[in-house]
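Each remark here refers to the structure printed beneath this line.
The values are calculated or read from the model by the stated rules, or taken from the named source; none is laboratory data. Please read all numbers here as calculations on a predicted model, not as lab measurements. Counting neighbours? That spans all protein chains shown, and the Cβs are built from the backbone with ideal geometry, glycine included. The area values use the complete protein model at the heavy-atom level, side chains included, leaving out ligands, DNA and RNA. Shrake-Rupley method; radii C 1.70, N 1.55, O 1.52, S 1.80 Å.
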Amino acid sequence: MILPSILQSAHQWASEALTPGGTAIDATTGNGHDTLFLARQVGPDGQVFGFDIQEQAIQKTHRRLLAENAHRQVTLFQKSHDQMHEVLPEKLLGKVQVVMFNLGYLPHGDKTIITRPDTTVRAMQQALQFLTSGGLLIAALYTGHPGGQEEAGHVIEWASGLSPRSFQVMWQQMINRDRSPSLLMIEKRS
Ligand code: SAM
């Protein structure tokens with residue numbers, strides 16, 4: 001297939017914005033696949049900050065990073081992503097190249113623990129302040145689980161209202177499949 005899946009596409013776009021030595025945030029570390037990807041992209045001289053509310057997710061991510069020797073450039077927080085303003089250093093404001101959100105529940109985990117519209121949008125608002133010019137907020141939105149449709153709706157409504165002078169906003173989806181996930185990308189303009 002030439003057309004990428006939503007997650008492949010997320011990584012492709014992220015790699016456009018990331019450079020060795022750069023900085024990224026994984027707002028939902030889950031099983032650590034995205035955190036590892038970000039850690040590899042920024043390399044040993046870069047920095048990745050990861051958030052997840054579940055201990056299981058933080059441990060799984062840490063183990064994955066250790067196994068791949070990519071743990072040194074990553075700091076993990078067992079905290080909600082809408083606390084990023086409280087825990088990340090102020091000097092990172094305007095410096096982050098990519099913030100990734102992969103919404104929904106932890107695959108192979110408790111499917112009742114899900115990301116929620118209010119905290120997600122609050123975290124995304126904060127994430128935009130951390131982005132550098134040309135930086136990307138990338139969010140995979142899922143609608144197949146209870147609450148997913150509502151969350152995706154909230155996020156798209158919020159993102160649609162962002163000023164075009166400050167942000168470019170793109171929404172990507174396979175439109176011939178039921179409940180297919182979609183990808184939201186917000187680029188901060190210079
Ligand atoms: N990026 C992950 C990966 O590569 O495996 C997948 C993430 S999974 C789809 C969604 C994750 O969001 C779950 O692990 C869940 O615990 C986490 N989550 C739910 N609410 C959250 C919140 N308020 N802040 C941070 N993470 C949250």
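Computed over the Cα atoms of the range 43-129, pair by distinct pair, the Kirkwood hydrodynamic radius stands at 13.9 angstrom. For the chain, the relative contact order is 20 percent, taking Cα pairs closer than 8 Å that sit 6 or more residues apart in sequence and dividing their mean separation by the residue count. Of all DSSP beta bridges confined to the range 1-142, the antiparallel ones make up roughly 5%. Each Lys and Arg contributes +1 and each Asp and Glu -1, all at the Cβ; summed about the Cα centre of the range 1-73, the dipole is approximately 180 debye. Ligands, DNA and RNA left out, the 1.4 Å accessible surface of the chain is 49% carbon and sulfur atoms. Provide the net charge surrounding residue 137, with neighbours chosen by a C-beta distance below 11 Å and charges set as Lys +1, Arg +1, Asp -1, Glu -1. Charge balance near residue 137 sits at 0. Taken over the range 104-190, the alpha-carbon convex hull comes to 101 cubic angstrom per residue. Helical runs (DSSP H, four residues minimum) scored at -39500 (n - 2.57) apiece and divided by the length of the chain put the mean residue ellipticity at 222 nm at -10500 deg cm²/dmol.
Just how large is the dipole of the chain about the Cα centre, in debye to the nearest 20, putting +1 at every Lys and Arg Cβ and -1 at every Asp and Glu Cβ? Charge dipole of the chain: 260 debye, to the nearest 20. Positive end of the charge dipole of the chain (Lys, Arg +1 and Asp, Glu -1 on Cβ, about the Cα centre): tell me which of 81, 115, 149 has its Cα farthest that way. Result: 81, furthest along the dipole toward the positive end. When the Cα positions of 3, 50, 126 are compared along the charge dipole of the chain, 3 comes out farthest toward the positive end, with charges on each C-beta of Lys, Arg, Asp and Glu. Loop sites only, by DSSP: take the trypsin sites (Lys or Arg not before Pro) in the chain that have at most 15 other C-beta atoms within 10 Å and name the longest stretch containing none of them. Longest gap between qualifying sites, sites excluded: 1-71. Under the convention that each Lys and Arg Cβ holds +1 and each Asp and Glu Cβ holds -1, the size of the dipole of the range 44-94 around its Cα centre is about 200 debye. For the range 41-190, the extents of the C-alpha atoms along the principal axes are 40, 40, 27 Å, listed from largest to smallest.
The smallest convex shape that holds all Cα atoms of the range 129-171, its convex hull, gives 81 Å³ per residue.
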